[in-house]
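Notes follow the structure.
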Amino acid sequence: MMKKAENIIVGISIGDLNGIGSEVILKTFEDNRMLELCTPVIFANVKILSFIRKNFESIIPLHGIDNLNQIVIGKVNVLNLWKEGVDLNLGTNDEKIGQYAIKSFVAATKALKDGEIDVLVTAPINKYNIQSEDFKFPGHTDYLNQELEGDALMLMVQDNLRVGLLTDHIPINEVASHLTEELIFKKIETINKTLIQDFSINKPKIAVLGLNPHCGDGGVIGNEDDAILKPALKKLFEKGTLVFGPFAADGFFGSNQYENYDAVIATYHDQGLIPFKTLSFGNGVNYTAGLNKVRTSPDHGTAYDIAGKNKANYNSFKEAVYLAIDVYNSRNQYAEISQKPLKTKEKQL
């Protein structure tokens, strides 16, 4: 079936079936207006989603398909990846369920890589029950980084608030040893590029937070800020990247300084994620910048404690779908402009 030019195919990996993933997916597409923006394809099984749908008394129609050539524009498509029944115990950690989550994710990633879907939105997984001999990755991002072109970087987004990380899932006592000029250059250049091509910001301004309290207070509380961060940022600025800092992290968000920048880069995970999740109020999105394909996810986990209780807030997942569509459109527009630069009229003598 030919795809309408304006209708984006959004692939969705199902995540942990014992968590809230299925609930937030179904709630997102209960609003028919979503189907005017995109056509979803859920990588799972239509029978199990129909069962879950009844649990939430949802009336959303599901269209089961057996291959991606059967996608119907304007419907909620469910690609049947397996035929067997699956025993669910909502709210519990189950290794068997983890394997279905990975089966969905791997298939959706392949479809993204092959161009059979336009963007990928991933529902939450349990990073412990997904591990196996065939899948030894800490989570979604590391696998995507292997399968797709580019260097993946987690960028948390909520409206004009964008928070990236120099280091992500590493122990706090290893952060300083990972901060190198090469890493700083790579991460900041990636974020600068994504702000331009994916968020249509012509000359992005980027703030970087210091590693130590008060940026080390001149070496009294550590010398990494003076010895590593400042020289690297200075070199980038001299090359034309509008990067500023390092800034003392403790008052940066509380004083609303972040509003003066298009992105903020934290030196380690919690330094960036705690203020982001405090400010985003459950509407944040995890965007994987730096890759040749578009992937987003909600900013929450499986939430086993409320799974199956019809209490899950679907705003973050809905925003993840919106952002995937926006980035896809922005990236295509940027590519078109880059290939066809505007011609300037020569001055007549």
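Applying a threshold of 7 Å to beta carbon distances and a minimum spacing of six or more residues, or different chains, the list of pairs starting in segment 85-102 at a residue that is at positive phi and ending at one that is part of a helix (DSSP H, G or I) reads GLY91/TYR304; GLY91/ASP305. Of the numbered criteria (1) in contact with a Gly (Cβ under 9 Å, 6 or more places away or on another chain); (2) at pLDDT 95 or above, the one GLU189 fails is (1).
All of GLU57, GLU95 fail the test of being farther than 20 Å from SER316 by Cα, over 25 Å from the mean Cα position of the chain (by Cα) and surrounded by fewer than 17 Cβ atoms within 10 Å (Cβ to Cβ), apart from GLU57.
THR194 fulfils the conditions (1) open to solvent by less than 30 Å² (accessible area, probe 1.4 Å); (2) more than 24 Å from the chain's Cα centre (by Cα) except for a single criterion, (2). ASP66 meets each of the listed conditions (1) modelled with pLDDT of 95 or more; (2) in contact with a strand residue (DSSP E or B) (Cβ under 7 Å, 6 or more places away or on another chain); (3) open to solvent by less than 70 Å² (accessible area, probe 1.4 Å) apart from (3). Taking segment 1-102 and the helices (runs of 4 or more DSSP H) fully enclosed by it, the elements with 1 or more residues that are closer than 18 Å to ILE325 by Cα are at 21-28, 34-37. Scanning for something in contact with a Phe, Trp or Tyr (Cβ under 6 Å, 6 or more places away or on another chain) and in a helix (DSSP H, G or I), does segment 310-319 turn up at least one residue? Within segment 310-319, not a single residue is in contact with a Phe, Trp or Tyr (Cβ under 6 Å, 6 or more places away or on another chain) and in a helix (DSSP H, G or I). Of the strands (runs of 3 or more DSSP E) lying entirely inside segment 110-223, those carrying at least 2 residues that are under 22 Å from ALA320 (Cβ atoms) and out of contact with any Pro (no Cβ under 9 Å at 6 or more places or on another chain) are 119-122, 150-158, 161-165.
Yes or no, residue by residue, for (1) surrounded by 15 or more Cβ atoms within 10 Å (Cβ to Cβ); (2) β-branched (Val, Ile, Thr); (3) within 23 Å of SER177 (Cβ to Cβ); (4) at pLDDT 95 or above:
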| site | (1), (2), (3), (4) |
| --- | --- |
| PRO213 | no, no, yes, no |
| ASP217 | no, no, yes, no |
| GLU224 | yes, no, yes, no |
| GLY240 | no, no, no, yes |
| GLY254 | no, no, no, no |
| GLU259 | no, no, no, yes |
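Scanning segment 262-296 for residues that are open to solvent by 30 Å² or more (accessible area, probe 1.4 Å), in a helix (DSSP H, G or I) and of a type in the set (Ser, Thr, Tyr) yields one hit, THR278.
Of all residues in segment 130-147, which are buried (at least 17 other Cβ atoms within 10 Å of the Cβ) and either under 19 Å from TRP82 (Cα atoms) or of a type in the set (Lys, Arg) (or both)? Passing the criteria: only ILE130.
The residues in segment 116-156 that are over 14 Å from the mean Cα position of the chain (by Cα) and at pLDDT 95 or above can be counted, and the count is 3.
The values are calculated or read from the model by the stated rules, or taken from the named source; none is laboratory data. Given the structure is predicted, the values throughout are model-derived calculations rather than measurements. For neighbour counting, all protein chains shown are included, and Cβ atoms are generated from backbone atoms with ideal geometry for every residue, glycine included. We work out accessible area using only protein heavy atoms, side chains counted, and drop any ligands, DNA or RNA first. Shrake-Rupley method; radii C 1.70, N 1.55, O 1.52, S 1.80 Å.
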